[in-house]
Structures are given as C-alpha cells and as structure tokens.
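Everything below concerns the one structure shown next.
The values are calculated or read from the model by the stated rules, or taken from the named source; none is laboratory data. What you see is a predicted model, and the numbers here were worked out from it, not measured in a lab. As a convention, Cβ positions derive from the backbone with ideal geometry for all residues, glycine included, and neighbour counts pool all protein chains shown.
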Amino acid sequence: MRTIVCLLRMCLAHWRALTRQNVAVLDVESTGQVNPRSAAVAIPSRDFIPTRREGRLIEAPPLWRIVTGLKHAVILTLLLTTGLLLAVAQGPFTDAPTGYDNLTNGAVAPSAMDAGHGQFIQVEQPIQDGLGPLFNAVSCVDCHQSIADGGASQVRELRAGHLENGHFVGATITLGDGVTKVGPRSLIDLRAICTEAIGHLTPQDNIRALRLSLSLFGDAFVEAVADADLIAIAQQQIHTTHGRVHGEAIMVPIAEGSGMTVRVGRFGWKDQHASLLSFASDAYLNEMGVTNPFNQTEVTTVCNQDNNTPNNTDDIFSFTDFMRGLKAPPQDTALATSTDARAGEALFNKIGCATCHVAALNTVAPGTVLNDGSYTVSAAIGNKTIHPFGDYLLHDIGTGDGIVQNGPPDTRNKVRTMPLWGIRTRVEFLHDGRAHDLFQAIRAHENEADASSDQFENLSHEDKAKIIAFLKCL
C-alpha cells in the first residue's frame, strides 16, 4: 500500500508539472518536422519543475493544458501501477543468454533467425528493392557489424539543423536538380542513386552532429523492460543525488500501434524509439530509402526507380525477428573475475558511475503484451535479468549534439546514457566517437556527471587503471 501511495504521489507531481509545461510534438527519428503521430510526452526531470527559488510567477494554466496534463498523469499512473502489478507476478529471474554468435536466444525459431539474418545482410538495389533515392547504407549490416552481424560499427550518420526562436528545426536542403527541397529533416543522407538527388547544407543550418552506429545485441531484452522500471530509475536518481542527476524518460509513439500508443523511448542516441519494429521501419526508410508498411512516403521522388507503395512489405518483420533473436553481449569472464576488475567495479560504484550506468535490469513476465498488442513477450525474453550498465534515459553530460528528435526542446543537448555492455568491442566512444580511449571518454563527462568525473580524476593512477580494467571486461 505504501508503494502504491508513493506511485500516485509521483503521478500527481508529474501532472502538476505537465500542466505548467508545453507537451512537445516533435519529429520522428530522422525528420525535423512536426508529425502528429509522434507526440512525445516527457516525464519531467528535475529541471522541468518550476520553483519559487527561481523567482518565477506561475499563472493559472489554460484548460487545454490541464486536460493534457491530466491525460498524461493517467498514462503515468497506468504505467507505474501496471509495472507494480507486473513486479508482483514476475520472477524468479534468470540471466539472459549471452553471445556474439548470431544464434537465436530462443525467442525466435532458428529458421526465422536465419531468414532474418539473410535479410539483414542483403544488399538492396534501386529497382528490385527500392533503395534510395537518398540513403546512407545498402544493407543493415553496413552499419551494424563488428565481432558479429548486429554489432556496432565506426559508421557515422550526419544530422543538422538550426534554431528558430530558440527551438531546433531540422535542416532543409536543395537537391542537385536545383529545384527540389528536402526538409525540414535532421538526418542528412550522404548517398544517392543519381547526382540530381544529392543535396548540400547551407550555412543557415549551423548545428551539425555526427552519430556512431550502435550495437543491437541485447536489444531484444531492453524492449521488454517495463516502462515503470525506467521511470522509477529517473525518480531514484533525483532522490539519491538531490537533483544533481536527473535522467529524462520520454514517451514515444509505436509505429505499429494505433497512433495513440506510446512507451518510454529506449533505442537510439535520443531514445527515439521504444519498439524494435518501429526502429526497423524508420531505419529502412531513412537510412536505406526503402518505404515500408509504417513509413510509406519517399523522402524524395527525384530519380526514384521503384514506384511501388510501399517498396517492400515484409523485410522489416524479418529484421525485427533477427534483432529479437540476438543474445545479450557477453562479458570477458576471465577478466571480470580478476582482482583488478572486481576492485574497479567497486570503485565505479563508489564514485557514482552506477547512478546512470545501471548494472542490472529485469524484463517483464512472459505473456506480457507490449507495443499496442503487436508483441507478446516469450518465455525466452520474459523474467530475464540483463546487465547493460545503462539506464536508457536522456542526460546532459556536456556532450550533447544540439539536435532534437522525439523529445521536448530541453532534450536538445541530452543524449541517452551509453550502455556499457559490449564496450570492449569499441575503439571510439561517446555518441560521435570523439573520444579514442576510455580515459578521454570519462573526462568528457560534465554537468550531471561532474561529480563522478571529478572523483575519477582524484583517484590514484592505480585505481583509475582498475576502473578501466573493469570496463574492459564488459
């Protein structure tokens, strides 16, 4: 009962904050334009809530804002109380299977896994498959391959835009035909099937950012983490750090849903997706130019060679099968059990890194229905414990790229906490790869992460080396 009361109090606080704040309706993963289907509701972080100390006068909110706030409070109440009921029904938990072997984790039949893998590595063609006209990659594996198919890579995408009255607007480019404009859209495709479709940025769009491609290993289990658990982590961060650390959860649309369904975002550097099928659909259009059931409009029709609408109806489901079948990243067990790595983990926790790099999360119970009824969690995914060393929340640690996607304006300089599982497979770090060793990556942490970064600097050389040893076992 005490827990329920606490949850209801949290929802009341969220409602009060939401009635005083605009609810952002922003772009989907790759656009920079308003999209009515992608209403993103922010779970207010500490910096959302006005206080008397700030000397701000709080006027009576208009009726529409009260109604909107009440609606979102109801959503939050359902999320949190549902999460509580799930927690009662859950368990016992077992660790998720790990491995970089492209063998199924058990959630997908081996035949479906192999078929999905085949589509994942297939090279798309303009006429047969609908590639382009604008694109960044000719296959999924172009961006997601290291150690095994589905891993991270050195591939970066380019995003750009500018500020108008303090709000981010995606870039608009003029294509090579001199007439056609594309945008506003934050993603800048770097390849095309003809010269007429290539466009260039102008000085107006002076916010530019690079994004490293992410690993997909373990995402099948991340998709099945309850929204309430991620929201609870955000609230706990505020409580334990007295507001210094305040991760932000944003509610994002489910592409395969009815249009009104939202979940806490967790995939992508801006938490722009909550469903792996939504992610697959978005990437197929915006990274490869292939229209599909949930994204049926071409970015441009200049020199388009496939006029089918959509270009493809099946592949995104195969991609999703493959991703939902991938295991979690394995640790280097020999190093993990070493004296230095164990001491390093203790130091990692002591200086506060674990506040955001959360060591363990649990998935919902088998049989739980997610994503507007389109996905039922299997026994292979449900009641599993994963060790991502991440919170899947947005934070301002001083490395933000200035881009707004599926969140409110305050997320412009926030990025998702980098899950540290699998970090030993990377040689570039942070969202844009600017850090080329782990020491540099840690030292780049500022703002919300200032205290932990400072404590790391105050450690002895030997203790710093122990933390690095711990990270290298993940």
Residue, farthest from Asp391 (Cα to Cα), within segment 332-356, restricted to residues that are of a type in the set (S, T, N, Q) and not in a loop (DSSP other than H, G, I, E, B):
Thr339
For segment 98-128, how many residues are crowded, with 19+ Cβ neighbours inside 10 Å and charged (D, E, K, R)?
1
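Can you tell me which of Asp401, Asp391 is acidic (Asp, Glu) and surrounded by 23 or more Cβ atoms within 10 Å (Cβ to Cβ)? First the steps, then the outcome.
Details: Asp401 fails: surrounded by 23 or more Cβ atoms within 10 Å (Cβ to Cβ).
None of the other options fit; the residue is Asp391.
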Quick test for you: out of Ala109, Ala171, Ala87, Ala160, pick the one residue that is modelled with pLDDT of 95 or more, aliphatic (A, V, I, L, M) and closer than 30 Å to Ile381 by Cα.
Ala109
List every residue pair whose Cβ atoms lie under 8 Å apart, where the two residues are 6 or more positions apart in sequence or sit on different chains, the first residue falls within segment 360-380 and is at positive phi and among the acidic types (Asp, Glu), and the second residue, located anywhere, is buried (at least 16 other Cβ atoms within 10 Å of the Cβ) and modelled with pLDDT of 95 or more.
Asp372/Ile254; Asp372/Glu256
Quick check: is even one residue across segment 251-262 surrounded by fewer than 24 Cβ atoms within 10 Å (Cβ to Cβ), assigned to a helix (DSSP H, G or I) and not polar (S, T, N, Q)?
no
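Here are Asn349, Asn362: which of them is in contact with a Phe, Trp or Tyr (Cβ under 8 Å, 6 or more places away or on another chain) and farther than 30 Å from Arg412 by Cβ? Even if it seems obvious, please write down each step before you answer.
Details: Asn349 fails: in contact with a Phe, Trp or Tyr (Cβ under 8 Å, 6 or more places away or on another chain).
Only one candidate qualifies: Asn362.
Condition first: among the hydroxyl-bearing types (Ser, Thr, Tyr), modelled with pLDDT of 95 or more and out of contact with any Phe, Trp or Tyr (no Cβ under 8 Å at 6 or more places or on another chain). Now tell me which residues in segment 295-332 satisfy that. Steps first, please.
Step one: of segment 295-332, the residues among the hydroxyl-bearing types (Ser, Thr, Tyr) are 297, 300-301, 309, 313, 318, 320.
Next cut, modelled with pLDDT of 95 or more only: 297, 300-301, 313, 318, 320.
Result: Thr297, Thr300, Thr301, Thr313, Thr320.
Please count how many residues of segment 183-194 are in a strand (DSSP E or B), at negative phi and crowded, with 20+ Cβ neighbours inside 10 Å. Talk me through it step by step, then tell me what you get.
Pass one, segment 183-194, residues in a strand (DSSP E or B): 183-185, 187-188, 191-192.
Filter again for at negative phi, leaving 184-185, 187-188, 191-192.
Okay, now just the ones that are also crowded, with 20+ Cβ neighbours inside 10 Å, so 184-185, 187-188, 192.
Total satisfying the criteria: 5.
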Of everything in segment 235-250 that's crowded, with 24+ Cβ neighbours inside 10 Å and among the small types (Gly, Ala, Ser), which residue is farthest from Asn349 (Cα to Cα)?
Ala249
Report, by residue number, each residue of segment 130-147 that is on the phi < 0 side of the Ramachandran plot and in contact (Cβ under 8 Å) with a residue 60 or more places away in the chain.
Leu131, Pro133, Leu134, Phe135, Asn136, Ala137, Val138, Ser139, Cys140, Cys143, His144, Ser146
Where in segment 421-474 are there helices (runs of 4 or more DSSP H), lying fully within it, with 3 or more residues that are under 27 Å from Val155 (Cβ atoms)?
438-443
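Among the candidates Ala343, Ala336, single out the residue that is in contact with a Cys (Cβ under 8 Å, 6 or more places away or on another chain) and surrounded by fewer than 23 Cβ atoms within 10 Å (Cβ to Cβ).
Numbers: Ala343 fails: in contact with a Cys (Cβ under 8 Å, 6 or more places away or on another chain).
It is Ala336.
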Scanning segment 406-420 residue by residue, the ones that are at pLDDT 95 or above, assigned to a loop (DSSP other than H, G, I, E, B) and of a type in the set (S, T, N, Q) total 2
Any idea which of (1) at negative phi; (2) in a loop (DSSP other than H, G, I, E, B) is the one Tyr284 doesn't satisfy?
(2)
The listed residue being β-branched (Val, Ile, Thr) and either touching a Pro at 6+ places or on another chain (Cβ under 9 Å) or without any contact (Cβ under 8 Å) to a residue 40 or more places away in the chain (or both), out of Ile193, Ile127, Ile207:
Ile193
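Just wondering, is there one or more residues in segment 387-398 that are of a type in the set (A, V, I, L, M, F, W, C), more than 21 Å from Ile423 (Cα to Cα), touching a residue at least 60 places away in the same chain (Cβ under 8 Å) and assigned to a loop (DSSP other than H, G, I, E, B)?
Initial filter on segment 387-398 (of a type in the set (A, V, I, L, M, F, W, C)): 389, 393-394, 397.
If we keep only those that are more than 21 Å from Ile423 (Cα to Cα) too, we end up with none.
The answer is no, given that none of the residues of segment 387-398 is of a type in the set (A, V, I, L, M, F, W, C), more than 21 Å from Ile423 (Cα to Cα), touching a residue at least 60 places away in the same chain (Cβ under 8 Å) and assigned to a loop (DSSP other than H, G, I, E, B).
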From Gly170, Gly132, grab the single residue that is more than 22 Å from Cys303 (Cβ to Cβ), touching a Pro at 6+ places or on another chain (Cβ under 7 Å) and either aromatic (Phe, Trp, Tyr) or crowded, with 19+ Cβ neighbours inside 10 Å (or both).
Gly170
Counted residues, segment 195-243 - those being farther than 30 Å from Val299 by Cβ and in a helix (DSSP H, G or I):
16
